[in-house]
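Data first, discussion second: the structure below is written as structure tokens.
Please treat every number below as a calculation from the coordinates, not as lab data. For clarity, every value in this text was computed on a predicted model and none was experimentally measured. So basically every Cβ, Gly included, is an ideal-geometry build from the backbone, and we count neighbours across all protein chains shown.
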Amino acid sequence: MRNKYEWQSYTCQPRQQHKSNENIYRVEFVRGDILILEGESASLPFGGSSGRWGESGKSWTSQHGTPVGADVIYYAGYEDKFYHLKAQFPIEEMKKALDTTYKYNDYRNEKFTGLIFGFAPQGMVVVWKEYMFFRIELGSYKAEVIKDDKKLEEQLFRNWSMNRKEVAERDFLPNASCAKWDMYRQRYTFRIKMENENPALRLFQYCFTNYNGEQDIIFMPSLPATTYDNRALPQILELDWETSPNERFRGNIFLNEKVIFEKFKNFKTEDKQEFEVKISKDNQELKLFLNHEPVEVDSVRIYKGSVMYEGSY
């Protein structure tokens, strides 16, 4: 009998172009086994990683059962190294994860839809739990370099148009480091406070797309401020609001990586910080503040909203 839990497996890596290679951090898989508590077989997609950090962009055949670990061998051409990942996931957490749902809107609760494996330099592998629009980090794991790799080289490059030396000459990055993606994982304690000039404003959701690959949605957030939570820093903050039946909006604030990490670098994880979002009375301006100080961002975009909520005008 097929296990009732059905989900997808995905792979990703940081996306960056280097010379003629449009996706320099892509890794290639020799083995991609996912360990299942019930003993069923499950695996990563064949071939190589895709997408960007935290998001694959490609689906695979459905997997079944409770995932509790991974046994993966892969090649990172930009380091010219084969790695072996042996990871054990917390069993009770994974059991709970498969039965957990997250509220997306008035009508939908998202169930567990997959595991995403992200491959960064120096054997760093981050795994996220996916609930359709939600991505939550499960943990970071360390893959070990395989020193005796001649048989793996023969197996991987057997049908390639390029040999190992040619790949290394094209892609090798002598200073490849996981430091940036490790920094992205740092968590801080903060909340979001809404400051608006229109008493008719109705706020329906905040959506966080974070530098660490996570994505989270707070549906019907409390006003004027959310509760404090321990999060990675947001890369994009999205919000939906209305001020009348004909004034429905979605706003996106694109944060500047250098600016926001500089502001947080001396904060302790447990220290409480406060982001403030200010919306002008005419809904034409959206500004971000941190602890009452304005935050320089890359851009702000405000669109006409199209989503109707139960609490809409």
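Note down, for segment 6-182, the three equivalent ellipsoid semi-axes (square root of 5 times each alpha carbon gyration tensor eigenvalue), biggest first, whole angstrom.
30, 18, 14
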| query | Taking the highest mean first, how do the peptides 108-114, 96-102 order by number of other beta carbon atoms within 10 angstrom per residue? | reply | 108-114, 96-102
| task | Just round it to a whole percent: the fraction of Cα-Cα distances in segment 226-278 exceeding 18 Å. | result | 46 percent
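Can you give the extra length, in nm with one decimal, that the chain gains between Glu153 and Leu290 once fully stretched, where that is 0.36 nm per residue apart less the Cα-Cα distance?
Numbers: separation 137, 0.36 × 137 = 49.32 nm, distance 5.05 nm.
Result for the pair: 44.3 nm of gain on full extension.
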| task | For segment 186-304, calculate the relative contact order in percent as a whole number, restricting contacts to Cα pairs under 8 Å that are 6 or more residues apart. | result | 31 percent
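Can you give the percent of C-alpha pairs in the chain whose distance is more than 27 Å? Kindly include the intermediate steps, with their values, before the conclusion.
Values: 24549 of 48828 pairs.
Summing the P(r) tail past 27 Å for the chain gives 50 percent.
When you count, for each residue, the other Cβ atoms within 10 Å and take the mean per peptide, how do 188-197, 160-169, 25-34, 72-81 rank with the highest first? Provide the component values of the computation, followed by the final result.
Details: 188-197: 17.4, 160-169: 12.5, 25-34: 20.3, 72-81: 22.3.
The peptides rank, most packed first, as 72-81, 25-34, 188-197, 160-169.
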| said: Below 16 Å, Cα to Cα, which aspartates and glutamates can Lys304 reach? Residues fewer than 8 away in the same chain don't count. | reply: Glu238, Asp240, Glu242, Glu247, Asp282, Glu285
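Greater than 20 Å separation of Cα atoms is the criterion. Which listed pairs, Lys81/Lys151; Lys95/Lys268; Lys193/Lys281; Lys142/Lys165; Lys193/Lys258, meet it? Before the final figure, lay out each step's value.
Details: Lys81/Lys151 13 Å; Lys95/Lys268 32 Å; Lys193/Lys281 16 Å; Lys142/Lys165 26 Å; Lys193/Lys258 23 Å.
Checking Cα-Cα distances, Lys95/Lys268; Lys142/Lys165; Lys193/Lys258 exceed 20 Å.
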| remark: Proxy exposure order for Cys12, Cys178 (fewest C-beta within 10 Å first) is Cys178, Cys12
| message | Please compute the length gained on full extension between Ile136 and Asn252, using 0.36 nm multiplied by the number of residues separating them and subtracting their Cα-Cα distance. | response | 39.7 nm
| By average Cβ neighbour count within 10 Å, what is the ranking of 204-216, 284-296 from highest down? | 204-216, 284-296
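What's the magnitude of the charge dipole for the chain around its Cα centre, counting Lys and Arg as +1 and Asp and Glu as -1 at the beta-carbon? Answer in Debye, nearest 20. Numbers along the way, then the final one.
Working: 44 positive and 47 negative charges, 63 e Å.
For the chain, the charge dipole is close to 300 debye.
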